[in-house]
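Trainee: Input: one structure, supplied below.
The values are calculated or read from the model by the stated rules, or taken from the named source; none is laboratory data. Note that the structure is predicted; figures quoted are calculated from it, not measured. Heads up, the Cβs are rebuilt from the backbone with ideal geometry, glycines too, and the neighbour counts pull from every protein chain shown. Just so you know, the surface numbers come from the protein's heavy atoms only, side chains and all, with ligands and any DNA or RNA stripped out. Shrake-Rupley method; radii C 1.70, N 1.55, O 1.52, S 1.80 Å.
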Amino acid sequence: MAKQGQALTLIKSFKHDGHLHRVWLENWEIPQESLASAHRDGAFRVFVNCHTRIQESDGREWTSRIPGVSLFLPGKWFNIVALLEDEGIRYYCNVASPFYQSGEIITYIDYDLDVVLNQKGDIYVLDEDEYNKHRKLYHYSQAVEEKVRLGLEELLDLARSRGEPFRDEVVLAYFEMWKAMTGQDAKA
């Protein structure tokens with residue numbers, strides 16, 4: 001929970017046809033002045049959530065089991081969620097439209113493809129069948145398909161090189177900052 005006066009941000013993902021996919025209801029933003037210099041210089045938006053409520057498109061709600069640090073990079077066709085698990089940090093990355101912010105709401109279009117970088121350094125691309133189904137169903141334009149492909153390639157290059165923002169020590173620092181600033185004693 002945020003300190004009194006600290007607004008919580010909603011993160012909403014949509015599908016290409018505009019229907020709601022998923023909403024993360026409680027996300028605390030790391031202040032810009034507290035970001036790592038590479039993230040501040042890149043105008044990243046960084047959010048921490050821990051045991052937050054998540055609402056699915058059908059209205060069903062559930063609570064996340066582990067803390068997450070979400071990183072949104074301006075203009076990029078992906079976003080990254082660092083999941084703080086007992087075994088270490090697992091990066092779950094969504095190939096998605098660049099984010100848009102309006103007030104306390106972050107939105108993006110989820111294009112199904114996901115990249116996972118696990119604690120051992122293994123990289124997996126998930127949900128290619130779902131992407132192929134939706135690109136036909138929603139009639140993705142050639143321009144969208146190209147942006148998705150380039151976003152996936154850039155994401156894979158970053159994951160392979162462990163370049164920004166795949167830095168465990170920075171993610172952990174954000175989580176510790178969230179605990180200190182919110183008074184939470186959540187266990188990663």
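Trainee: Counting Lys and Arg as +1 and Asp and Glu as -1, each charge on the Cβ, what is the dipole of the chain about the Cα centre in debye, to the nearest 20?
Mentor: Numbers: 22 positive and 30 negative charges, 54 e Å.
The dipole of the chain has a size of about 260 debye.
Trainee: Which is farthest toward the positive dipole end of the chain among Leu158, Phe47, Ile123, measuring Cα position about the Cα centre, with Cβ charges +1 (Lys, Arg) and -1 (Asp, Glu)?
Mentor: The residue sitting most towards the positive pole is Phe47.
Trainee: Beyond 21 Å between alpha-carbons counts as too far, so tell me which of Lys15/Lys76; Lys76/Lys147; Lys12/Lys76; Lys120/Lys147; Lys15/Lys147 fall in that bin. Before the final figure, lay out each step's value.
Mentor: Details: Lys15/Lys76 17 Å; Lys76/Lys147 9 Å; Lys12/Lys76 17 Å; Lys120/Lys147 29 Å; Lys15/Lys147 15 Å.
In this structure, Lys120/Lys147 lie more than 21 Å apart at Cα.
Trainee: Keeping all protein chains in place and using 1.4 angstrom, which order do Arg167, Arg60, Arg160 fall into by accessible surface area, from largest down?
Mentor: Highest to lowest solvent-accessible surface, that is Arg160, Arg60, Arg167.
Trainee: So, taking all protein chains as they sit and a 1.4 Å probe, how much accessible area belongs to Asp110, in Å² rounded to tens?
Mentor: Using a 1.4 Å probe on the heavy atoms, I get roughly 10 Å².
Trainee: Might you work out the accessible area of Trp24 for me, using a 1.4 Å probe with all protein chains in place, and round it to the nearest 10 Å²?
Mentor: 50 Å²
Trainee: Kindly report, to the nearest 10 Å², the accessible surface of Ser70 as traced by a 1.4 Å probe over protein heavy atoms only.
Mentor: Here the accessible area works out near 10 Å².
Trainee: For the chain, what log10 I(q)/I(0) values come out of the Debye formula at q = 0.10, 0.13, 0.18 1/Å, with one point per alpha carbon and no solvent?
Mentor: Summing over Cα pairs of the chain leads to -0.39, -0.67, -1.32.
Trainee: Sticking with this structure for a sec: Quick one: order His21, His51, His39 from most to least accessible surface, probe 1.4 Å. Display every interim value, and only then the final one.
Mentor: Values: His21 35, His51 90, His39 0 Å².
Result, largest first: His51, His21, His39.
Trainee: Using Cα springs under 10 Å in a Gaussian network model of the chain, which residue among Thr63, Thr52, Thr107 shows the largest mean-square fluctuation?
Mentor: Thr63
Trainee: Right, next: Nearest 10 degrees, 0 to 90: what angle lies between the long axis of helix 128-137 and the longest principal axis of the chain (Cα atoms)?
Mentor: 60 degrees
Trainee: Then there's this: How big is the Rg/Rh ratio for segment 1-76, C-alpha atoms only, Rh by Kirkwood, two decimals?
Mentor: 1.01
Trainee: If each DSSP helix of 4+ residues adds -39,500 (n - 2.57) and the sum is divided by the residues in the chain, what number results at 222 nm, nearest 500 deg cm²/dmol? Mind dumping the intermediate values first?
Mentor: Numbers: 4 runs with 50 residues, N = 188.
Per the formula, -8500 deg cm²/dmol.
Trainee: For the chain, give the percent of accessible area contributed by carbon and sulfur heavy atoms, probe 1.4 Å, rounded to a whole number.
Mentor: Answer for the chain: carbon and sulfur cover 50 percent of the accessible area.
Trainee: Could you order Glu61, Glu130 by accessible surface area, starting with the largest, using a probe radius of 1.4 Å?
Mentor: Solvent-accessible surface, decreasing: Glu61, Glu130.
Trainee: Specify the inter-centroid distance of segment 104-130 and segment 138-188, based on alpha-carbon positions, in whole Å.
Mentor: For segment 104-130 versus segment 138-188, the Cα centre distance is 9 Å.
Trainee: Hey, if you put +1 on the Cβ of every Lys and Arg and -1 on every Asp and Glu Cβ in the chain, which of Pro98, Leu25, Tyr108 ends up farthest toward the positive end of that dipole?
Mentor: Checking the options against the dipole of the chain, the answer is Leu25.
Trainee: Name the residues whose placed amide hydrogens come within less than 5 Å of the amide hydrogen of Ala96, ignoring near sequence neighbours (fewer than 5 apart) on the same chain.
Mentor: Phe78, Asn79, Tyr111
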